[in-house]
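Down below is the structure, laid out as structure tokens.
What follows draws every value from the coordinates through simple rules; no lab data is involved. This one's a predicted model, so the numbers in the text were calculated from it and none came from an experiment. Neighbour counts run over all protein chains shown; Cβ positions are idealised from the backbone, glycine included.
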Amino acid sequence: MAKTVSDVLALIREHDIKMVDFKMVDINGQFRHLTIPACHFDESTMTDGFGFDASNYGYAVVEKSDMVFIPDPDTAMIDPFCQVPTLTMTGNAMIIDYPHNRPLAQYPRNIVRAAEDYMRSTGIADTMLILPEFEFYLFDDVSWDVRTDSMGMTIDAEQAHWNSGVNGKGVIVPKQKHYHAALPFDRSYDCRSEMCLHMENAGISIKYHHPEVGGAGQFEVEPKLGVMSEMADATMMIKYIIRNTALKYGKSATFMPKPVYGEAGSGMHVHMLLMKDGEPVFSDDNGYSHLSETAHYFIGGLLKHISSLCAITNPSTNSFKRLVPGFEAPVTVGYATSNRSAVIRIPAYAKSPNMRRFEIRNPDATCNPYFCYAAILMAGLDGVLNKIDPAANGWGPFDINLYNLPAEEKAKLQQLPTSLDAALDALEADHDYLTKGGVFPAELIEKFIATKRAEVAEINKIPTPAEFDRYYNL
């Protein structure tokens, strides 16, 4: 919306802005923020920034934790969810190093830009375009309780099949039958349309929105292809807009990968392609599915490192409750055209050279998008630099339904990790591709693994209602 400090000041005057809000990103990929009165915003705000304690954001910098947040005027937008007129922007974290501050290498926005710089340094491409698909649930009521004497959770969605006896209007969606359901079954159409209008106003071009498979209120919003670093910022804003618009309509939005037992899980499939000097790198009329040798090597890199990638692209214990057979979630390490049972799917409808691409299907939106997209790029580049051929490695192409293979055939195929612990083990053993060019600092990877291991250990200690159901009377 703005490009310079002068543009930001003009926006403040034009829209009678009262407060200026600055959004920062922690290690888990969540926004944190601080706000100043607009009357105190000036050019020095953009150069001097604001001090903050990076250790409280999860970064491994306790001994030198004082950092400076520098706003990025190019991210400025009017926040539609604040009653007091508010301009919001994100930015970068800098290490205090007089006379000139330098970027905090562990900060997510800096990492995704470092990955792009590394890509350009290899000569393989100068731009990575990505398109993440945002699947999420909208609930009309949700609550949970985790205490010594009580634990449990309840959810409700008006159109869910379990309300067939109480709704009284017959507007009920059967389990797993929600895909593209029309009005009156699509109860949140206006809510999602407003979400998309807010996204468009924020400069995020939207392809479409629609109901997804999960009958308990699952939906999808899909933006158009965008530059990787810009799409990382857009991902944060899309999630922010979805959650806040849902609350306005009396609903709760969740990107939790598996919030409903027996219904489809929510992923964040990431489509990708590379460009160099304005020309597509992944296109070849004579290649399998019209993809170039470079594209296949990129796929090879993703599949070689997929187990360690899962720790970054699927960083919650709940992530692995989605990655199970039977719900269109990938579990097999492989690639193919139009095959949703493989980790890498090549869409057959992407026919023009500039649109030829593939998607990685295992990620979900509990990830830190900056880490996720940067790690995907680094794995793919490693495949290109080392000429990792996915076919020669036995990863496909699998032009069959992998869910329906006989057990003895499935046993021959490599599978994704089945737990966050296993994915963290893989990341601990396989992360050299991430640290190339100094893109992912080794200290950050160590901190990330330690943080997630502590998270897993804590969750593993907690009894669940399902365990009471299974074991109480043994």
Surface/4 of the Cα convex hull for the chain, nm² = 25.6
remark   = Note on the chain: contact order normalised by length, alpha-carbon pairs under 8 Å, 6 or more apart, percent, works out to 14
task = Return the long-range amide H neighbours of Lys276 (sequence gap of 5 or more, or a different chain), with a cut-off of under 5 Å between placed amide H atoms.
result = Asp126, Val281
ask   = Counting other Cβ atoms within 10 Å, which trypsin sites (Lys or Arg not before Pro) in the stretch 326-355 have at most 10 and lie in a DSSP loop?
value = Lys351
task = Would you mind pulling out the separation of the Cα centroids of the stretch 287-333 and the stretch 162-191, in Å?
result = 32
note = Mean separation of Cα contacts under 8 Å (at least 6 apart) over the residue count of the stretch 5-104, i.e. the relative contact order in percent, is 27
key: Too-long pairs where the Cα-Cα distance tops 21 Å, listed order kept, from Lys224/Lys351; Lys224/Lys321; Lys177/Lys410; Lys177/Lys258; Lys175/Lys321   = Lys224/Lys321; Lys177/Lys410
request  = Take every Cα pair under 8 Å in the stretch 276-339 that's 6+ residues apart, average their separations, divide by the length, and report that relative contact order as a whole percent.
outcome  = 19
key: Computed [θ] at 222 nm, helices only, for the chain once each DSSP H run of length n ≥ 4 contributes -39500 (n - 2.57)   = -9500 deg cm²/dmol
remark   = For the chain, percent of DSSP beta bridges that are antiparallel (nearest 5) comes out at 85
Taking Tyr249, Tyr471, Tyr370 and counting other C-beta atoms within 10 Å, the order from fewest to most = Tyr471, Tyr249, Tyr370
